[in-house]
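Step one of this worksheet: look at the structure below.
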Amino acid sequence: MINFDNVSKTFGEGDHRTAAVDDLTIEIPTGKITVFVGPSGCGKTTSLRMINRMIEPTSGTVLIDGVDTRSIDAPTLRRGIGYVIQNAGLFPHRTVLDNIATVPVLQGQSRRSARATAAELLERVGLPESMGQRYPAQLSGGQQQRVGVARALAADPPVMLMDEPFSAVDPVVRAQLQDEFTRLQAELGKTIVFVTHDIDEAVKLGDGIAVLAIGGRLAQYATPAEVLSHPADDFVADFVGRDRGYRALSFTAAGQLPVHEEPTLRLGSSPARGPAPSSAPVGEPYWVLVVDDARQPRGWVDARRLTSGRGVELGDLVLGGSLADPHASLRTALDAALSSPSGRGVAIDADGRVIGTVAARDVLRAIEAARVNAPHSPGQGTSPGAGAREGEADPAAAAVPS
Amino acid sequence: MNWNWLNRNTDQILSWLLAHLWLAALPTLLGLLLALPLGAIAFRYRWSYAALITVAGLLYTIPSIALFVVLPGILGTRILNPLNVVVALTLFTLALLVRVVADALDSVPPPVRQSATAMGYRPIRSLLTVQLPLAIPVIGAGLRVAAVSNVSLVSVAALLGVPQLGQLFLVGFQLDFYTPIIAGIVLCLLVAAVFDTIILVAVRLATPWTRAVSHR
């Protein structure tokens, strides 16, 4: 557990004093991912760096498991806290293995044994062992970022600080890194403080989100669902953005959605009764779902465009959108329906086989039903986090329900 | 070109060449060794940067011949003592390299420096094992300039009578005879080329990561 007790940080002197962090009191739970999110100038990185004393508070105390960090020698403290910096910040003159071995070697481990551990970690973050002998410049941005995570994990620290670790890579790689990070955290259960300016990333990764406003004011500290559904003030509502209603669907399971039966066509075969049934509306495409031998979806085909007698080929297919699996959220299900050419979202089972389709209208119905059954009405915060408003950071209120 | 004269004086020329080599090499090394800590101080403490760079700049504007003449008085050495040359050129090298070292350390990307701190490096260890290695290419470039400039500055000390290749120029002027002058120029160029190559190779060996080819 990490505690900020009335922590403030001002930079500059006299008339040029600016508050980077203003009287921050927050409790960061053990074994969870807590995200500091906010626009630039909100003091999120400053707050992060006060945990490992790269920046010293002007006033207030930072405690890790009840111990005042100022009572620990700074380099010793830092060796016990993993740190992942934006752009990885790898040492360009050391091989990947030696980069990962940094902290164990600083702690006095022999280079040999530190390298052996480093090789295992390389695999853990999804990189081949052969990459260990390369220099950082020989790696792609995504690979460097993985090495950065491995380096932070090398000494198996209970606490990890991550400063916009995924913001310098392209969106596809970022999503991949985020997913792997989530998987890794499920195995490791570290206490993680994660800084980002991206509310989507905060919502995706955080167990708890601390929204910081310019000048270092804690605007809200709550679960992602709570921040999206009940923003504490105008600033949070504005920061969370226009799509927050749609984003909030991420937190409602799609479990109860009806799955409709969907006739499928196997890749390579031709429709049994001609290109399209006569009952289908004339002049509109008649979409048929095409699957492979394992019944996994491959795409949609307009049956009217098929010449009878010829098998369906990959080239005929219009690729569908996202897929809704049984554990998906309403957001995924709705997206599956909206991104499918037929308007019917493909639902799959755990093995990726088609079990039918979901319809957008059913998702909307589910949303309506969820509103009726909602445990609380807007404006009345039942989560402890909703209490932190207008900078009145009540220590008791600023705790994320676990 | 009088080859006979060269043949007759080979032994003398070789001894001047050897003297020239160490008179140029030793100050280059000593200057570098002194410039590393001073440059690190100039980099680490911003207030000292301006002061150190100004002093270094002033030092460099002193004509070498003046320094050669003044130093015996300060050091208590005799005018012919080669130590005067070594001290004078060490100061010039230092003057040139303090700024180079400070700027080379400054060229190390801040995220790398910050991540060294965040990993738990203490300042001296971070300087020696992270920042300094990364500064080698820039320091090496400055060192090449200093080494080559020392090779030419050593010749000036011939005016005081310190034996080295500069003597060839004096002999040539006194006898109005071009052979020793040409020989002196060629040998000086050769020494400079050898120094330059040695530094270039040393920098390459010390920085294998700069040549790592992308496998992406």
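The values are calculated or read from the model by the stated rules, or taken from the named source; none is laboratory data. Worth saying up front: this structure is predicted, and the values here are computed from it rather than measured. So basically every Cβ, Gly included, is an ideal-geometry build from the backbone, and we count neighbours across all protein chains shown. Just so you know, the surface numbers come from the protein's heavy atoms only, side chains and all, with ligands and any DNA or RNA stripped out. Shrake-Rupley method; radii C 1.70, N 1.55, O 1.52, S 1.80 Å.
Please enumerate the residues belonging to the range A:34-47 that are open to solvent by less than 10 Å² (accessible area, probe 1.4 Å) and within 19 Å of A:Thr223 (Cα to Cα).
Within the range A:34-47, A:Thr34, A:Val35, A:Phe36, A:Val37, A:Gly38 qualify.
I'd like the residue in the range A:37-66 that is in a helix (DSSP H, G or I) and of a type in the set (Ser, Thr, Tyr) and, out of all such residues, is nearest to the other protein chains (Cβ to nearest Cβ).
The residue in question is A:Thr45.
Return the total of residues in the range A:148-173 being in contact with an Asp or Glu (Cβ under 8 Å, 6 or more places away or on another chain) and either crowded, with 18+ Cβ neighbours inside 10 Å or part of a helix (DSSP H, G or I) (or both).
1
Among the residues of the range B:101-122, is there at least one that is more than 19 Å from B:Leu132 (Cβ to Cβ), more than 21 Å from the chain's Cα centre (by Cα) and open to solvent by 60 Å² or more (accessible area, probe 1.4 Å)?
Within the range B:101-122 (the criterion being more than 19 Å from B:Leu132 (Cβ to Cβ), more than 21 Å from the chain's Cα centre (by Cα) and open to solvent by 60 Å² or more (accessible area, probe 1.4 Å)), the answer is no, since none of the residues qualifies.
Against the definition (within 12 Å of chain B (Cβ to nearest Cβ) and touching a strand residue (DSSP E or B) at 6+ places or on another chain (Cβ under 8 Å)), how does A:Pro136 come out, yes or no?
So A:Pro136 passes the test.
Within the range A:344-363, how many residues turn out to be open to solvent by 40 Å² or more (accessible area, probe 1.4 Å) and either at pLDDT 85 or above or closer than 21 Å to A:Glu284 by Cα (or both)?
Of the residues in that region, 4 qualify.
Kindly provide the set of residues from the range A:139-171 that are charged (D, E, K, R) and away from every other protein chain (no Cβ under 13 Å), ordered by number.
Of everything in the range A:139-171, those that are charged (D, E, K, R) and away from every other protein chain (no Cβ under 13 Å) turn out to be A:Arg146, A:Asp156, A:Asp170.
Return the residue satisfying two criteria in turn: it lies in the range B:34-68 and is part of a helix (DSSP H, G or I) and aromatic (Phe, Trp, Tyr), and of such residues it is least open to solvent (accessible area, probe 1.4 Å).
Residue satisfying both the conditions and the ranking: B:Phe68.
Pick from B:Leu189, B:Leu205: which is without any contact (Cβ under 8 Å) to a residue 40 or more places away in the chain and away from every other protein chain (no Cβ under 14 Å)?
B:Leu189
When you go through B:Arg125, B:Arg99 one by one, which is the residue that is assigned to a helix (DSSP H, G or I) and either in contact with a strand residue (DSSP E or B) (Cβ under 6 Å, 6 or more places away or on another chain) or over 30 Å from A:Asp98 (Cβ atoms) (or both)?
Just one listed residue meets the conditions, B:Arg99.
Does A:Arg151 satisfy the criteria of being modelled with pLDDT of 90 or more, among the charged types (D, E, K, R) and out of contact with any helix residue (DSSP H, G or I) (no Cβ under 6 Å at 6 or more places or on another chain)?
Here the answer is no, as A:Arg151 does not meet what is asked.
Against the definition (without any contact (Cβ under 8 Å) to a residue 12 or more places away in the chain and under 30 Å from A:Thr25 (Cα atoms)), how does A:Ala186 come out, yes or no?
It is true that A:Ala186 is without any contact (Cβ under 8 Å) to a residue 12 or more places away in the chain and under 30 Å from A:Thr25 (Cα atoms).
Considering every residue within the range B:166-177, establish whether at least one is within 14 Å of chain A (Cβ to nearest Cβ) and open to solvent by 80 Å² or more (accessible area, probe 1.4 Å).
Within the range B:166-177, none of the residues are within 14 Å of chain A (Cβ to nearest Cβ) and open to solvent by 80 Å² or more (accessible area, probe 1.4 Å).
For the range A:227-240, which positions are open to solvent by 10 Å² or more (accessible area, probe 1.4 Å) and part of a helix (DSSP H, G or I)?
Within the range A:227-240, A:Ser229, A:Asp234, A:Phe235, A:Ala237, A:Asp238, A:Phe239 meet the criteria.
From the list B:Leu143, B:Leu132, which residue is touching a Leu at 6+ places or on another chain (Cβ under 8 Å), within 14 Å of another protein chain (Cβ to nearest Cβ) and modelled with pLDDT of 95 or more?
Going through B:Leu143, B:Leu132 in turn, just one is touching a Leu at 6+ places or on another chain (Cβ under 8 Å), within 14 Å of another protein chain (Cβ to nearest Cβ) and modelled with pLDDT of 95 or more: B:Leu132.
Output yes when any residue across the range A:118-125 is closer than 17 Å to A:Gly141 by Cα and open to solvent by 50 Å² or more (accessible area, probe 1.4 Å), and no when none is.
Looking for residues that are closer than 17 Å to A:Gly141 by Cα and open to solvent by 50 Å² or more (accessible area, probe 1.4 Å), one finds none in the range A:118-125, hence no.
Under 6 Å by Cβ, and 6 or more places apart or on different chains, what pairs join a residue from the range A:310-339 that is open to solvent by 70 Å² or more (accessible area, probe 1.4 Å) with one that is assigned to a loop (DSSP other than H, G, I, E, B) and of a type in the set (Lys, Arg)?
none
Of B:Gly142, B:Gly172, which residue is free of Cβ contacts under 8 Å to residues at least 60 places away in the same chain and more than 30 Å from A:His93 (Cβ to Cβ)?
B:Gly172
Please specify each residue of the range A:157-208 satisfying the condition of being in contact with a Leu (Cβ under 9 Å, 6 or more places away or on another chain) and not aliphatic (A, V, I, L, M).
Selection gives A:Asp163, A:Pro165, A:Phe166, A:Gln178, A:Phe181, A:Thr182, A:Gln185, A:Lys190, A:Phe194, A:Thr196.
Being away from chain B (no Cβ under 11 Å) and open to solvent by 10 Å² or more (accessible area, probe 1.4 Å) is the filter; apply it to the range A:103-116 and report the residue that is farthest from B:Pro123 (Cα to Cα).
For the range A:103-116, the residue satisfying everything is A:Ala116.
Please go through the range B:147-192 and give me each residue that is aromatic (Phe, Trp, Tyr) and either part of a helix (DSSP H, G or I) or in contact with a His (Cβ under 6 Å, 6 or more places away or on another chain) (or both), ordered by number.
B:Phe169, B:Phe173, B:Tyr178
Step by step: first the residues of the range A:87-102, then only those that are within 7 Å of chain B (Cβ to nearest Cβ) and open to solvent by 10 Å² or more (accessible area, probe 1.4 Å), then the one that is nearest to A:Arg146 (Cα to Cα). Which residue is that?
Of everything passing the filter in the range A:87-102, A:Asn87 is nearest to A:Arg146 (Cα to Cα).
For the range B:88-116, give me each residue that is of a type in the set (S, T, N, Q) and touching a Pro at 6+ places or on another chain (Cβ under 8 Å).
B:Thr90, B:Thr93, listed by residue number.
May I ask you to list pairs of residues, at least six apart or on different chains, whose Cβ atoms are under 8 Å apart, with the first in the range B:1-23 being surrounded by fewer than 13 Cβ atoms within 10 Å (Cβ to Cβ) and the second being aromatic (Phe, Trp, Tyr)?
B:Met1/B:Tyr178
Any idea which of A:Thr69, A:Thr25, A:Thr76, A:Thr18 is away from chain B (no Cβ under 13 Å) and closer than 20 Å to B:Gln114 by Cα?
Selected residue: A:Thr69, the only one of A:Thr69, A:Thr25, A:Thr76, A:Thr18 that is away from chain B (no Cβ under 13 Å) and closer than 20 Å to B:Gln114 by Cα.
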